[in-house]
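The values are calculated or read from the model by the stated rules, or taken from the named source; none is laboratory data. Quick caveat, the model's predicted, so the values are computed rather than measured. Cβ placement follows ideal geometry from the backbone for every residue including glycine, while neighbour counts extend to all protein chains displayed. Note: areas computed on protein heavy atoms with side chains; ligands, DNA, RNA excluded. Shrake-Rupley method; radii C 1.70, N 1.55, O 1.52, S 1.80 Å.
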Amino acid sequence: FPYTTLFRSEGHVIAEDSSADMLLGARQLAENQSLANIEFVKGSDTDPNLPEGKLDVVLALDVYHRLAAPEKMLAAIYKSLKPDGRLAIVEHYKRDAAEVGTPLAGVKFDMPDLIRELEANRFHVVEEKEQVKDVQYILILEKK
């Protein structure tokens with residue numbers, strides 16, 4: 001899944017984060033690369049503050065396992081998507097031996113458990129891909 005294609009010169013990209021520091025870093029990167037089609041939005045732990053019914057795709061890149069209130073976030077994402085919009089989630093496989101302090105230590109569940117949670121929150125998996133063999137996967141979902 002080529003993430004860089006999300007930042008083409010045509011179209012409109014909304015970069016959202018609940019961290020002001022992360023948004024500042026993303027804004028600086030966009031400015032350094034002369035990307036003028038990116039809007040920066042500060043969300044919260046429960047709401048990404050995205051426009052309702054306007055988005056074609058929402059990408060949650062290695063963040064789902066960090067959500068404090070995933071049901072609220074999924075409901076907000078659901079509302080932000082167009083009727084035919086899609087949610088792409090990139091996550092790590094759960095590892096029992098993940099070291100404390102590493103990104104893998106916070107992974108709460110593996111792909112089948114995540115799929116069950118997403119489908120319980122009005123999404124349906126249309127595609128599963130392995131991003132990095134035995135490390136990271138991508139789920140592509142649409143609204144039920």
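Odds and ends about this structure:
- Residue pairs, from the table Lys94/Lys143; Lys72/Lys129; Lys82/Lys133, whose Cα atoms sit over 30 Å apart: Lys82/Lys133
- The calculated FRET efficiency for Val132 paired with Met22, based on their beta-carbon distance and R0 = 22 Å, is about 0.50.
- Note on exposure: His92, His124 ranked by accessible area (1.4 Å probe, complete protein assembly) read His124, His92, with the most exposed listed first.
- Partners of Lys54 within straight-line reach, counting aspartates and glutamates whose Cα lies under 17 Å from its Cα and excluding those fewer than 8 residues away in the same chain: Glu10, Glu16, Glu39, Asp84, Glu142.
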